[in-house]
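Scroll down for the structure; my scribbles are underneath it.
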Amino acid sequence: MYKRLHYIYALALLLSGAVLNKAAAQDSLLFPNIYSESDTLKKFKLDSVLVSSGLHRGTMPNRGFAVGTNVILASVESISRMSMNSLADYIREQSSVYLKEYGRGMSAFISVRGTSSSHTTIAWNGMSMAVPTLGQADLSHIPVYFFDKMELHVGGSSVLYGDGSIGGTIQMNTSAKWERGLTGDILLSAGSFSTLFTGATIRYSNGRNESRTSIFQSSAKNNYTFENNTKVGRPTERLNNSAYKNRGFLQELHRKLKDSSLLSFNIWLLDFDREIQPSVSLNDRPESFASIMDRNLRSSLSYSGSRSKISYSGRLSFSHDYERYKEDIIAASRYMAYADIQYFHKDVVFKAGASAEYIDPDVDSYAQSTSESRGYLFLLAKYNPYQNLVISAGARAGGVTNSKVPFMPSLDVRYTPVRHSGHTLSLRGSLSKNSKVPSLNDRYWGGVHSYLRSEISFTQEGGADYTWFSGASSVAFFVTLYKSRVNDWIRWLPAGQVWRPQNIPQVLSRGGESGLTVTQILYEWSFKATLCYSYTDVKMVEALWREDPSVGQQLAYQPRHSWRGALNAERGNWASFVNISYTGERTTLDIYDTLAGYTLIDLGASYRGKILGNNVTVSTIIKNLLNVSYQNVKFYAMAPVNYQITLRWKF
């Protein structure tokens, strides 16, 4: 009966998306809404370079030097429509990047180009979201509601973003809007399994000062049913011990100074209480149930400005992470200072910077005197010798307590041979050396592992970007081929009765990525179709032991094939969409054990109108429409068909 109701609901969504409202037809055919990104290529191109009015303060973002790699910029519409979700949900829906998930709303770790989660840097306003002890970030902890802009840089980028950016980086940002007066929004969302999200934001600006305050709370019981494949007859059971409750607070203050510079203060507080979802084999074993509590603080004071051909910025930041599991407490404080300066002259841009960091951990399994200091210097340059040719290069060097940091250079080239009659074709290439210093846990958990070496990657990639725009139609396409060789990959392996980290001599990752976006305005309708695909071949080519059977085999939980597709249709204030995604088969920690691939379909619709002169959006979505029973990680059940209804009021 429950399944039938969802199918009836899905049919209603399709019908509602096809409603032809004559009054709505008088509105713009590209009217933004919460569940459709109907921007044409012209709008997409503006978004991709972040064109904005007003005076630019501070230095150019480092992505401006990444001319030979693929940087995916999140659209304002996609962030807005997924504000009630976590970063894990956003990445899963918007890209073909693989996420390793331990259940709905549970821990989620990213894998870019077959690398581990610690090989992708995730930062908010320049501050790392990774827990210093683990060296990685849980994407299920990061709320989309708390940031306005996001970019996913695919490929080695340690020169640009520092230690750990072997696979890629995710940069999230918030900034002042400078809209005079009082503005804000209230967001309410409810769905299956007692899922609730409430959020509120208030902004005030007088043109010189601006304040933003945001709060949110989300919770879910996650008591869904699943097929237990560890028991005879594969009975259907109801999941236990999988609830969560998350809360957050964000405060930002901005002030324009008399010399047109900008002073900003940001603070981000997150509070997570989560039951740890049991494996399906332990679902009826209450004695095995456990929970975990996390508290995270990020704060910064930044200053930026420009004078003639010189721009500059600086930042002081502090973060604290606290986690309690049973009676064990893992905590760490991080202090950081950063400064950069940029000089522009004709066709050349130079940017130089320095950072210093001190980490003070509080972990029972570390020696009491354990601490860490880090320091880095970097230099970037971009040269535009001809109209259609851009060359960039960079270098980064530094030092870390009790660890050696290799020198990291990079070289990027982009050539645009075609640019006429609405057609643009660019060819790009990149060479880079990247590194990842062992995390504090790698070096100090249960002893001092001074034998560990930094992971080093050598990455080569090349690709092409093509765009075409003509009136009511547009096409955008990209393709990338890459090869990355990682030396001294760190893995924890059994050593007698305990586990110890070891450097695996060499891992090789090869593959390709492609994406296609097509938009079309037809009569009173606007359509947009997107498709992205990733092929990842990642293998250990040299092991610690010659007889290791995993040599030449695909690494665990790394699908070779994954793709995502979406179709959006919009007319006036109405919109509907369908998303489809495929995740290929993966091996588990046992190389001879394979998890089947799975295909998921989501269906949604939205309506945007006005109440008392304010914008109100009502949207709904059905996820896993075909009620697929699947596991992303072996023995951890994922959610069946479920729905979500959202109301957003902007004032």
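Any read-out appearing in this document is the output of simple, stated calculations on the displayed coordinates, not a laboratory observation. On a predicted model such as this, the values are computed, not experimentally measured, just so you know. Quick reminder, even Gly has a Cβ in these numbers, built from the backbone with ideal geometry, and neighbours come from all protein chains shown.
Of the cross-linked pairs Lys309/Lys382; Lys149/Lys483; Lys245/Lys634; Lys346/Lys382; Lys404/Lys433, those separated by over 23 Å at the C-alpha level are Lys149/Lys483; Lys245/Lys634.
The residues neighbouring Gly447, those whose beta-carbon lies less than 14 Å from its own, together hold a net charge of 0 under the Lys/Arg +1, Asp/Glu -1 convention. The calculated P(r) of the range 207-352, using every Cα pair and 5 Å bins from 0, goes 2, 8, 12, 11, 12, 10, 9, 8, 7, 6, 5, 4, 3, 1, 0 in percent.
Structural descriptor for the range 461-597: relative contact order 17 percent, calculated from alpha carbon pairs under 8 angstrom and at least 6 residues apart. Of all aspartates and glutamates in the structure, the ones whose alpha carbon falls short of 16 Å from that of Lys610, not counting any fewer than 8 places away in one chain, are Asp27, Asp185.
Among complete DSSP H helices in the chain, those whose alpha-carbon atoms stretch at least 18 Å along the helix's long axis and whose mean Kyte-Doolittle hydropathy reaches -0.5 are 2-17. Around Ile186, what is the net charge, scoring Lys/Arg as +1 and Asp/Glu as -1 over all other residues with Cβ under 9 Å from its Cβ? Counting the neighbours of Ile186, the net charge comes to +1.
Taking a straight Cα-Cα cut-off under 19 Å and skipping sequence neighbours fewer than 8 places away in the same chain, the aspartates and glutamates within cross-link reach of Lys539 are Glu455, Glu461, Asp488, Glu513, Glu547, Asp548, Glu585, Asp590, Asp593.
Which option, (1) 135, 56, 51; (2) 70, 58, 50; (3) 73, 72, 46, is the value of Cα extents along the principal axes in Å that was calculated from these coordinates? So the structure-derived entry is (3). Across the range 354-399, C-alpha contacts under 8 Å between residues 6 or more apart give a mean separation that, scaled by the residue count, equals a relative contact order of 34 percent.
Converting phi to 3J(HN,Hα) with the Karplus coefficients 6.51, -1.76 and 1.60 and the offset θ = phi - 60°, the range 194-206 yields 6, 7, 9, 9, 10, x, 8, 9, 10, 10, 9, 9, 10 Hz in sequence order, with x at every glycine or proline.
Each part gets one Cα centre, and for the range 563-605 versus the range 195-231 those centres are 23 Å apart. Considering only alpha-carbon pairs that sit under 8 angstrom and 6 or more positions apart, the relative contact order computed for the chain is 15 percent. The residues neighbouring Phe378, those whose beta-carbon lies less than 15 Å from its own, together hold a net charge of +3 under the Lys/Arg +1, Asp/Glu -1 convention. The alpha-carbon of Lys623 sits under 19 angstrom from the alpha-carbons of these aspartates and glutamates, leaving out residues fewer than 8 places away in its chain: Glu37, Asp89, Glu93, Glu101, Glu227, Asp602. Taking every alpha-carbon pair within the range 452-597, the share separated by more than 26 Å comes to 46 percent. Need one number: % antiparallel among DSSP beta bridges in the range 97-174, to the nearest 5. Roughly 70 percent of the DSSP beta bridges within the range 97-174 come out antiparallel. Overall size of the range 425-506 from C-alpha positions, given as principal axis extents largest first: 67, 24, 19 Å.
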